[in-house]
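Engineer: Dropping a structure here in structure tokens format, bear with me for questions.
The values are calculated or read from the model by the stated rules, or taken from the named source; none is laboratory data. Here the structure is a predicted model, which is why all the values come from computation and not from measurement. Side chains included, ligands, DNA and RNA excluded: accessible areas come from the protein's heavy atoms. Shrake-Rupley method; radii C 1.70, N 1.55, O 1.52, S 1.80 Å.
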Amino acid sequence: MVGDGVELRRHDRANYPLYARWYGDEEIWHLTSWTSQPMQRAAVERLFDERERSSADDSFAIHRRDEDRPIGVIGLSNIGGANASADLSVIVGEAEARDQGLGTEAIRLILNYGFEDLGLNSVALSVFDFNEAAIRTYENLGFEREGRMREAIRRDDGFHDAILMRILASDWREDGV
């Protein structure tokens, strides 16, 4: 999938050590992960091996357009045919690639893929309440807040809520996002 500034490509196992660096990064872990601590390399490699084999997951590397080295990962998981739904996850792992709209563009590409190619009706996500930049991005893309899991995640400063958000295919098409 190719956009103006990014393209989504299937994972290359040679990039797993890079993914392990991202998933082991304290800042990325703090902002995005449900795990109790940053992930070790072996766990990250297992995670991506499982994603590649799973019929319920569709995962991609985010690349700047025409560049070989990925800057992040994005995927749809728990893809359910009966409910035509999936969960979205995204990490822009390279610090210099953040705050440039590249993650937003990657989300647009994968939502279009999910709604138009996979025939999904909805895509959901969870985001921690302290990740205000991500919440704004998701809302700007058309996601709506649907719920809150109170004190769902523990960080060094205590417990935090997870905000549940969703976008429907009809809203995506209507808004022309």
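Engineer: With n ≥ 4 as the cut-off for DSSP H runs, can you work out [θ] at 222 nm for the chain, using -39500 (n - 2.57) per run divided by the number of residues, rounded to the nearest 500?
Structural biologist: Theoretical 222 nm ellipticity from helices: -9000 deg cm²/dmol.
Engineer: Give the accessible area for HIS30 in Å² (nearest 10); use a 1.4 Å probe, count only protein heavy atoms, and leave out ligands, DNA and RNA.
Structural biologist: 60
Engineer: Still on this model: Go through ARG9, ARG53 and list them by solvent-accessible area, largest first, probe radius 1.4 Å.
Structural biologist: Numbers: ARG9 65, ARG53 175 Å².
These residues rank, largest area first, as ARG53, ARG9.
Engineer: Determine the shape class of the range 56-106: with a ≥ b ≥ c the square roots of the Cα gyration tensor eigenvalues, call it rounded for a/c under 1.5, and otherwise prolate if a/b is greater than b/c, oblate otherwise.
Structural biologist: Prolate, since a/c reaches 1.5 and a/b exceeds b/c.
Engineer: Relative to the compact-globule scaling 2.2 N^0.38 Å, provide the ratio for the alpha-carbon radius of gyration of the range 1-93.
Structural biologist: 1.08
Engineer: Taking the convex hull of the Cα atoms, report for the range 113-177 its projected area averaged over all directions, in nm².
Structural biologist: In nm², the orientation-averaged hull projection of the range 113-177 is 4.7.
Engineer: State the extension gain, in nm to one decimal, for the chain segment bounded by ALA43 and GLU132, taking 0.36 nm per residue of separation less the distance between their alpha-carbons. Display every interim value, and only then the final one.
Structural biologist: Values: separation 89, 0.36 × 89 = 32.04 nm, distance 2.80 nm.
Extending this stretch completely gives an extra 29.2 nm.
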